[in-house]
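The values are calculated or read from the model by the stated rules, or taken from the named source; none is laboratory data. Predicted, not measured: the structure shown is a model, and the values here were computed from it. Cβ placement follows ideal geometry from the backbone for every residue including glycine, while neighbour counts extend to all protein chains displayed.
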Amino acid sequence: NNNNNNNSTNRNHKQYKIDTETLLRTSLRTTSTSTTPTSAETWFESQSPTHQSAMEEGLSSLLYNGIVLAAQRSYDTVVKQAQVQQEEKKKKKKREEQQLKEKEKGVTMASGKKFTPPNNNSNNKNTK
């Protein structure tokens, strides 16, 4: 019986998803300079103070959720950019180290012979 009640409750429960970011952007773009109340304002004013308070709290929650979501996305973007920059630095350092190793090993010429540039320190020892 308990499972049947839970299943019927789940079927009756609808989940609504509100795109708070788009809603916030739209409301910020739409500004009213008219002093005449809109139909929504008239309807809102006709509600009891309890209902008005509940709706204001709900709207505040939606706006807060939208702001938190936008902040989280911005933070994630900054973190990802920092990670990419760090990876690029590692790759650059690795390339530079590889180039230095190749330079120290010398260069194989077309004839197959290896050319190693003279080391400045060994030249100084030979001239003394």
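Can you find even one residue in the stretch 36-51 that is at pLDDT below 75 and not charged (D, E, K, R)? Checked the stretch 36-51: at least one residue is at pLDDT below 75 and not charged (D, E, K, R).
Taken over the stretch 36-66, residues that are surrounded by 11 or more Cβ atoms within 10 Å (Cβ to Cβ) and free of Cβ contacts under 8 Å to residues at least 12 places away in the same chain amount to 13. Within the stretch 74-90, is there a residue that is closer than 30 Å to residue 21 by Cα and touching a residue at least 24 places away in the same chain (Cβ under 8 Å)? Looking through the stretch 74-90, none of the residues is closer than 30 Å to residue 21 by Cα and touching a residue at least 24 places away in the same chain (Cβ under 8 Å).
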